Amino acid sequence: MTDIKIYNGNQIGGCITVIASLEGKVIIDFGANLPGAEGADLVFDWEAEHVDAVLFTHYHGDHIGRFKEIPHSVSIYMGRVTRQVMTTIAKYTKDTEAFQILQDDTRVHEIRAAESFAVKDIRITPYMVDHSAYDACMYLLETPDKTILHTGDFRGHGHRGRKLVTMIDTYICRRGKRKVDVLLTEGTMLSRLTEKVYSEADMMRDCIRLFEKHRYVFLICSSTNADTLATFYQAARRNGIKMFANPYVCEQIDHFREAAAGHWERRNRDQKTAGNYLGTYNFKYVYPYAPEKVIPAYGSSKKDVTQEEIMRSEGFCIVIKADEPYKKWMERFRDLDPIVVYSMWEGYLNPEHKAYNAKYKAFLDSCDHVRYMHTSGHATAELIAEVINTVNPTESIYPIHTENAKELEHLNIREELRRKIRYE
Ligand SMILES: [Zn+2]
Ligand SMILES: [Zn+2]
């Protein structure tokens, strides 16, 4: 008999799902609580639990943050980009322990879209989804007696979200031919129902206009949010503006560009959802910030120019962090009256919120012209309802990764499905 245990499902972050069949036991995500969360991280008894494998849905800290605690005997599964992003973080934070684990091919297994693998008697298939992390996935688990779908974090309003419901219907449910018994769905936005949904496409449109007016832009966004970086990059390119960032951000961007190029080559195999990845994430004109660097024989005049001269004549989109050292970067271009765009969750700037980040707030307060543009990484309540109706689980629906699980009962889902809602 298959057993499902959910820990911390009633909070955003640190949600851990344990699925045990007759022979095998896997965990989906082993992340840390969000900053400011009440209570300590879950204590997990690895010795008593005899886990075979941990499956990671994506590289956000609230899903993967505690991977170093996993004992050596347990296999780890993650996407290639997740592995690369985490390796780059380990490299730049000089975390040799994390680096060594990530390099270990005997422990770390790279998953691929729609390719099944087995952990003892559990057959597992990852499906790539749209999220503010590049290779986020849903996991379908088939044990001898149950079929379980764990959504991980997902949304429908990013660059790759449009076909989410079709993907679920076609590839996961096989147009109703495959019955999913249990659905575990993220519900982040159930507690943020008043947040207006602003899509990456909306933001792209607004960004193009922004760069038409303001050619000097400092951008504060997550270095691993491939979609938002792509939005600003593409909008800047439309206006002939290049993107600059520190070497760490450039390395993360390289992972997205490489992966997108790979998707392009394999697009017929990868769930057909890949679309024009290469176009969106091509990131061809992203350079390490080095204003004094001389670029030989630049442009049509074939003159040697510094990077700063290019920035001043063509404009720039410079990715920064809300952190002291970047003040110097901004100071250098003060005469151009640049603007700062904050493209992260606004909750970090709200002193009332437990995730409040005083450093970000102080940084932004010290800037003259700040714009706020941000798209959520999570599914709207309407999309969650659509996913539930499409998956149409035979037994139960568990809300996870949410502070407002009860709201699930008020979604526009079929009555018989409403009766299947369970809580951890
Ligand atoms: Zn999350
Ligand atoms: Zn996430």
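The values are calculated or read from the model by the stated rules, or taken from the named source; none is laboratory data. What you are looking at is a predicted structure, and each value in this text was computed from that prediction instead of being measured. Neighbour counts are summed over all protein chains in view; Cβ atoms, including those assigned to glycine, are modelled from backbone coordinates with ideal geometry.
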*Could you identify the single residue in 109, 63 that is buried (at least 21 other Cβ atoms within 10 Å of the Cβ) and either closer than 24 Å to residue 248 by Cα or more than 16 Å from ligand 2 (Cβ to nearest atom) (or both)?*
63
*asked:* Regarding the range 208-224, can at least one residue be identified that is within 16 Å of ligand 2 (Cβ to nearest atom), modelled with pLDDT of 95 or more and assigned to a helix (DSSP H, G or I)?
replied: no
*Evaluate the following for residue 33: is it under 26 Å from residue 354 (Cα atoms) and within 16 Å of ligand 2 (Cβ to nearest atom)?*
yes
*Among the candidates 18, 43, 51, which residue alone is farther than 24 Å from residue 115 by Cβ, β-branched (Val, Ile, Thr) and away from ligand 2 (no atom under 16 Å from the Cβ)?*
43
*For residue 361, all conditions in the list (1) farther than 19 Å from residue 161 by Cα; (2) not in a helix (DSSP H, G or I) hold save one; what is the number of the exception?*
(2)
*Long-range neighbours under 6 Å by Cβ, at least six apart or interchain, first residue in contact (Cβ under 8 Å) with a residue 60 or more places away in the chain within the range 48-75, second among the basic types (Lys, Arg) and buried (at least 17 other Cβ atoms within 10 Å of the Cβ)*: 52/25
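Restricting the search to the range 23-47, which residues are aliphatic (A, V, I, L, M) and free of Cβ contacts under 8 Å to residues at least 12 places away in the same chain?
40, 43
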*Consider residue 215 carefully, then state whether it is in the same structural domain as residue 64 (by TED's automatic domain parsing) and farther than 22 Å from residue 408 by Cβ.*
no
*Determine which member of the set 400, 413, 388 is under 21 Å from the mean Cα position of the chain (by Cα), assigned by TED's automatic domain parsing to the domain that holds residue 17 and β-branched (Val, Ile, Thr).*
400
_Test: residue in the range 60-67 that is at positive phi and either of a type outside the set (Ser, Thr, Tyr) or away from ligand 1 (no atom under 16 Å from the Cβ) (or both)_ = no
*Taking the range 152-192, which residues are within 19 Å of residue 117 (Cβ to Cβ) and within 16 Å of ligand 1 (Cβ to nearest atom)?*
152
_Residue in the range 324-383 that is surrounded by the fewest Cβ atoms within 10 Å (Cβ to Cβ), counting only those that are acidic (Asp, Glu) and assigned by TED's automatic domain parsing to the domain that holds residue 312_ = 352
*asked:* Regarding the range 397-405, can at least one residue be identified that is aliphatic (A, V, I, L, M), within 16 Å of ligand 2 (Cβ to nearest atom) and surrounded by 13 or more Cβ atoms within 10 Å (Cβ to Cβ)?
replied: yes
